[in-house]
Amino acid sequence: QVQLQESGGGSVQAGGSLTLSCRASGSSFRRACMAWFRQVPGKEREGVAKLYIESGHTFRAVSVRDRFYASQDRTKGIWYLKMNNLEPGDTAVYYCATSAPARECPSGFPAGDFDSWGQGTQVTVSS
């Protein structure tokens, strides 16, 4: 079982930067990947970035590919999302999640295929 907790959100001006952290408690053994999602009221949860745990390889949504960077510290059990040049459109609650145990990492960002979720952290970007 994996328990996840996000931190690092806050309010910044457009053009600023934030780094989110996702701390994992328990074992992520047999889980192929984790992902960052974001959600605004009335909208579907949107995939932002995905990280393959064994290799460290990352995949990012086109909209953030040149601004956001996902990474991990496996010894500490922490995943990061570094967000640069933030825009008002990045305002959302950001979540981290892990894929189901003993399963391949899903293609894309099917939220229903990620079975462990944090509570989310609010990011607000003002113009």
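The values are calculated or read from the model by the stated rules, or taken from the named source; none is laboratory data. Not measured: the values here are computed from a predicted model. For neighbour counting, all protein chains shown are included, and Cβ atoms are generated from backbone atoms with ideal geometry for every residue, glycine included. Areas reflect the complete protein model, heavy atoms only, side chains present, ligands, DNA and RNA absent. Shrake-Rupley method; radii C 1.70, N 1.55, O 1.52, S 1.80 Å.
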Can you name the residue in the stretch 8-57 that is of a type in the set (S, T, N, Q) and surrounded by fewer than 13 Cβ atoms within 10 Å (Cβ to Cβ) and, of all such residues, is farthest from Pro106 (Cα to Cα)? Gln13
For the stretch 72-88, does any single residue satisfy the condition of being small (Gly, Ala, Ser) and at pLDDT 95 or above? no
Hey, any hits in the stretch 62-82 for a residue that's touching a residue at least 60 places away in the same chain (Cβ under 8 Å) and open to solvent by 20 Å² or more (accessible area, probe 1.4 Å)? yes
Scan the stretch 96-119 for residues that are surrounded by 15 or more Cβ atoms within 10 Å (Cβ to Cβ) and farther than 18 Å from Gly26 by Cα and jot them down. Cys105, Pro106, Phe109, Ala111, Asp113
If I go through the stretch 9-30 residue by residue, how many of them are in a loop (DSSP other than H, G, I, E, B) and in contact with a strand residue (DSSP E or B) (Cβ under 8 Å, 6 or more places away or on another chain)? 6
